[in-house]
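Derivation of every value follows stated rules applied to the coordinates shown; laboratory data play no part. What you see is a predicted model; the values in this text were computed from it and never measured. For neighbour counting, all protein chains shown are included, and Cβ atoms are generated from backbone atoms with ideal geometry for every residue, glycine included.
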Amino acid sequence: MGGSQDYEQSIKRSSLIHNENEKQLCSEDMTISQEKKINPVIDSSSKHHIQNSKPRRALTDVPVNNNPLSQNKRLTNTKAVKVRREEDIRPIFSAAQKRQIYNDRTATSTASAAVAKKEGEEGEGEYDDLSIVRKKRRTGVEETGEIVGWKDLDYVEKNDTAMVAEYSTEIFDFLYTRELETLPSHNYLLDKTSKYYLRPSMRAILVDWLVEVHEKFQCYPETLFLSINLMDRFLAKNKVTMNKLQLLAVTSLFIAAKFEEVNLPKLAEYAYITDGAASKNDIKNAEMFMLTSLEFNIGWPNPLNFLRRISKADDYNLVNRNIGKFILEYAYCCHHFIHLPPSTISAMAMYIARRMTNRSKNELWNKTLQHYSGGIDPTEDEVFQSRCIDLVTDIASSKIRLDSLVLKYKKPRYGSVYFQAFNWCKAEMDSNFQNLFH
């Protein structure tokens, strides 16, 4: 009994102690809460204590500032604000000091004064030497059609940011320079004494096969022309045996597709299209050998760039453009023209196409077409005329069958222009080219 009483007394004492502790903790919490109510800014847990803080005013007590910004003393301080005046704005030059942004009215008046000084009494604003026009444009002076006799089609598109009209002249000046750097070193089809000589008929058949494969793969037109350029540049400096020509052609198309296409044909498809003449490993090894031989110099001004440029001056005539594309592809199958710049071949194609559609002499090749073809004047350039005659003769009486190219341009997709082109070229050859330049 005594033990149980002692046990109960110890429990009572512990409960009393626990209750007293709880009362003490509660009183401390109340004290802290009262202190926070008296001074809510001060917090014992913060590192920094703000003294003499004032309570915030209610939003309804804050006055609304309706004064304009000009009445703010800090903002009206003229010493703190630097006004950018018009005379402080300087013209912007490129690193090469070639381009300058001009006001359109200033440029027109400047160009008018320059033309008047150059032409004197002839004063129609027409240049005979278009290199002068390109030189003046490179300095930043924007010429208009009324000033120099050709219509400035880029000036019309100056507000279209996608066309970058302000850089079009510099872009094509670069392309005219670049096309000379990416030509075959020589015409390996004409020099029979060269160790790189290849029969023209073999190359024509090879290019015609490329046209067929390119059509089956549904690649971009630029891919075909780039593959022909890569193949010609390689053949101009490397001897290729007869049984490796198909491997060379398919590898050229393989590299060109990598450069131009978005959705590429698979490597297995290239190997399959050769019908066992080249395996996947053969194509990969040939690709590395070709790129090394060409020093990975692939970028090339495609002839379609120049054809579209001239077509722009032709008001984007679809019939002329389809005929021009046919003549352009046919020219790249011929062995006479592989050493010519793409801009020249494109001008030949568009000139013959416009002549084929019965353009009058005055409309055949005006100043605008002369400018956008890079300064070519077919009525005065005898070398250009002889090359056009060779091309028309080749189309009318070719000794090499180009079945894939002919079948391609018999399709309605390309306007079925083959029959029109062939019949016209044959009639022109029979008449001894009397109407080609007259």
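Could you tell me how far the Cα centroid of the stretch 353-402 sits from the Cα centroid of the stretch 160-178, in Å?
Cα centroid to Cα centroid, the span is 25 Å.
Residue by residue through the stretch 194-200, which ³J(HN,Hα) values in whole Hz follow from phi under the Karplus form 6.51 cos²θ - 1.76 cosθ + 1.60 (θ = phi - 60°), with glycine and proline marked x?
6, 6, 9, 5, 9, 4, x
For E295 and I389 in the same chain, what is the full-extension length gain: residue separation times 0.36 nm, less their Cα-Cα distance, in nm?
Fully extending the segment from E295 to I389 adds 30.2 nm.
In the structure displayed, which of K237/K411; K158/K367; K244/K280 lie more than 25 Å apart, Cα to Cα?
Listed pairs above 25 Å: K237/K411.
With bins 10 Å wide starting at 0, give me the P(r) of the stretch 207-319 over every alpha carbon pair, in whole percents.
Pairs per bin, as whole percents: 13, 45, 30, 10, 3.
How would you rank I323, I376, I171, going from fewest to most other Cβ atoms within 10 Å of each one's own Cβ?
So the residues, fewest neighbours to most, are I171, I376, I323.
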